[in-house]
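Peer 1: Sharing a structure below in structure tokens format, with a few things to ask.
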Ligand code: MN
């Protein structure tokens, strides 16, 4: 099926994951954590048509790698998708929030100049700060909040700012996340594995396992499984169309 946030290059054996993705016909957005990993990802993804490689700079790495934002911005004209980028306000990273914000602003500005991009965003313990940046940079494209874990109030604000959401079966194991899911707009929801960081049954989730979120979504929305699945597929088509339209702007 679909996985819109997966670190394909970080599995112990990416080549095996890539051939299994092809065998199963899963559509995958391969996010990257540094711009220097981008070319390598393109190479090993090769001609796998269902895998799109996104260019990113993970907020947890910004403390050491802020200078790589130039390389990331230089990649943006070549990519339809940006990620993983965002802000991390957890105890280990929050002292670096000012530099994380500078990096994110640069990326958003560049995306805006290029007519917008689909951007997969990290916002752990920094939802309000991420939403402030999105609000300040209208026209950045289509922000997809991955593994959103903010408050209900922050969720309402994200919805009003036009954000999309991607949820994983791992995150939906918590009732708090399921309570957020109840309120997420049906026409802006996607699924992800966040593998190999997302864990299922005590091991790294695989991209084709993102669909294990589906029965949980169906339950939250009180809809039948087949209807829910076609809804998510339709959303993915909309996302792809938006990415293509922004990319082909002059
Ligand atoms: Mn991730």
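Peer 1: Going by how many other beta carbons lie within 10 Å of each one, how would you line up 80, 13, 238, fewest first?
Peer 2: 13, 238, 80
Peer 1: For 122, 186, 5, what's the fewest-to-most ordering of other Cβ within 10 Å of each Cβ?
Peer 2: Ordered from fewest to most neighbouring Cβ atoms within 10 Å, 122, 186, 5 come out as 186, 122, 5.
Peer 1: Would you mind calculating the relative contact order of the chain from Cα pairs under 8 angstrom and at least 6 residues apart, reporting the percent as a whole number?
Peer 2: Over the chain, the number comes to 20 percent.
Peer 1: What ranking do 81, 27 get, fewest neighbouring Cβ atoms within 10 angstrom at the top?
Peer 2: Sorted ascending by nearby Cβ count, the order is 27, 81.
Peer 1: Now for a separate question. Report the per residue volume, in Å³, of the convex hull enclosing the C-alpha atoms of segment 1-93.
Peer 2: Convex hull of Cα atoms, per residue: 102 Å³.
Peer 1: Explain nothing, just the number: relative contact order of segment 89-142, from Cα pairs under 8 Å at least 6 residues apart, as a whole percent.
Peer 2: Dividing the mean separation by the residue count of segment 89-142 yields 48 percent.
Peer 1: Shape call for the chain from the C-alpha gyration tensor, a ≥ b ≥ c root eigenvalues: rounded (a/c under 1.5), prolate (a/b greater than b/c) or oblate?
Peer 2: Verdict is rounded for the chain.
Peer 1: Per the Kirkwood formula on distinct C-alpha pairs, the Rh of segment 56-185 is how many angstrom?
Peer 2: 14.7
Peer 1: Over the Cα atoms, compute the radius of gyration (one decimal) and Dmax (the largest Cα-Cα distance, rounded to a whole number) for segment 124-250, in Å.
Peer 2: When restricted to the Cα atoms of segment 124-250, Rg and Dmax are 14.7, 46 Å.
Peer 1: Mean residue ellipticity at 222 nm from the helices of the chain, using -39,500 (n - 2.57) per DSSP H segment of n ≥ 4 over the full residue count, to the nearest 500 deg cm²/dmol?
Peer 2: -13000 deg cm²/dmol
Just so you know, all these numbers are worked out from the coordinates, no wet-lab data involved. These numbers come from a predicted model, not from an experiment. We place every Cβ from the backbone using ideal geometry, glycine too, and count neighbours over all the protein chains shown.
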